1. Consider only pairs whose beta carbons are under 7 Å apart and that are at least six residues apart or on different chains; among these, list those whose first residue lies in segment 61-79 and is part of a loop (DSSP other than H, G, I, E, B) and whose second residue is among the small types (Gly, Ala, Ser) and surrounded by fewer than 23 Cβ atoms within 10 Å (Cβ to Cβ).
2. Tell me which of these PHE107 doesn't satisfy, since it passes every other one: (1) over 13 Å from ASN74 (Cβ atoms); (2) without any contact (Cβ under 8 Å) to a residue 40 or more places away in the chain; (3) outside any helix (DSSP H, G or I); (4) not basic (Lys, Arg).
3. Considering every residue within segment 166-180, establish whether at least one is free of Cβ contacts under 8 Å to residues at least 60 places away in the same chain, in a loop (DSSP other than H, G, I, E, B) and in the same structural domain as ARG62 (by TED's automatic domain parsing).
4. Before we move on, is TYR132 in the same structural domain as ASP55 (by TED's automatic domain parsing) and either more than 11 Å from PHE51 (Cα to Cα) or hydrophobic (A, V, I, L, M, F, W, C) (or both)?
5. Within segment 160-181, can you find the residues that are over 20 Å from ARG62 (Cβ atoms) and of a type in the set (A, V, I, L, M, F, W, C)?
6. Would you confirm whether any residue within segment 99-108 is more than 21 Å from GLN46 (Cα to Cα), surrounded by 14 or more Cβ atoms within 10 Å (Cβ to Cβ), of a type in the set (Phe, Trp, Tyr) and more than 15 Å from the chain's Cα centre (by Cα)?
7. Out of TYR132, TYR148, report the one residue that is touching a residue at least 12 places away in the same chain (Cβ under 8 Å) and in contact with a Ser or Thr (Cβ under 8 Å, 6 or more places away or on another chain).
Amino acid sequence: MNKQLKMIITAAGFALLLITAVIGYQLLSSRVESPMDLESTSTQRQAAPDFSMVDNDGNAVRFSSLFGKPIVLNFWASWCPPCRIEMPDFDRVWKELGTGGTNEVYFVMLNLVDGRRETVEIAQRYINEHGYSFPIYFDVHQEGARAYFIRSIPTTIFIDRDGNIINGIQGAINEQTLRRGIDLIR
């Protein structure tokens, strides 16, 4: 086989791969809801799914036991660069509005433990090294990730005092966006 024919076959194969990827992406994305936007809050309320998590002391906690105050639920991992970027803003707002401050809002910083790349020890070490004071919880059995269909991290869900999901956003958020989300649930 000559060199020119090999190049044509390679280019055709690459083009076929790209076409397959585009079609596959379109099919999959049509089945998945787009990330929520804080500007377009729905008037319909969806009950926040309950799940079991572990607190920093190793105690089992039902998520629903926190209903009664607005909740900021954030899914994160220490190896995730966008998660790391948003953490100082979460800590600052928690110190002001969470149990570290006025006690208006619960913050549930839910670490996605996989037992390999992310463990309870790795997450605790990361939090301690950076001096964050917000409460962390651990999704050791991935119950929270499954209940909320988490496809990427960070993801932040805003839940009202009655336990209804008001809104959420995928990807890192800044302090201004976090405060806007909290305003929706207070």
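The values are calculated or read from the model by the stated rules, or taken from the named source; none is laboratory data. Quick caveat, the model's predicted, so the values are computed rather than measured. For neighbour counting, all protein chains shown are included, and Cβ atoms are generated from backbone atoms with ideal geometry for every residue, glycine included.
1. Close Cβ pairs (under 7 Å, with a partner that is among the small types (Gly, Ala, Ser) and surrounded by fewer than 23 Cβ atoms within 10 Å (Cβ to Cβ)) amount to PHE67/GLY163; SER78/ALA123.
2. (1)
3. Let us first name the residues in segment 166-180 that are free of Cβ contacts under 8 Å to residues at least 60 places away in the same chain, namely 176.
From the residues that got through so far, the ones that are in a loop (DSSP other than H, G, I, E, B) too are none.
Looking through segment 166-180, none of the residues is free of Cβ contacts under 8 Å to residues at least 60 places away in the same chain, in a loop (DSSP other than H, G, I, E, B) and in the same structural domain as ARG62 (by TED's automatic domain parsing).
4. Values: in the same structural domain as ASP55 (by TED's automatic domain parsing): yes; either more than 11 Å from PHE51 (Cα to Cα) or hydrophobic (A, V, I, L, M, F, W, C) (or both): yes.
Yes: the conditions hold for TYR132.
5. Of everything in segment 160-181, those that are over 20 Å from ARG62 (Cβ atoms) and of a type in the set (A, V, I, L, M, F, W, C) turn out to be ILE166, ILE169, ALA172, ILE173, LEU178.
6. There is no residue in segment 99-108 that is more than 21 Å from GLN46 (Cα to Cα), surrounded by 14 or more Cβ atoms within 10 Å (Cβ to Cβ), of a type in the set (Phe, Trp, Tyr) and more than 15 Å from the chain's Cα centre (by Cα).
7. Values: TYR132 fails: in contact with a Ser or Thr (Cβ under 8 Å, 6 or more places away or on another chain).
Criteria check complete, one pass: TYR148.
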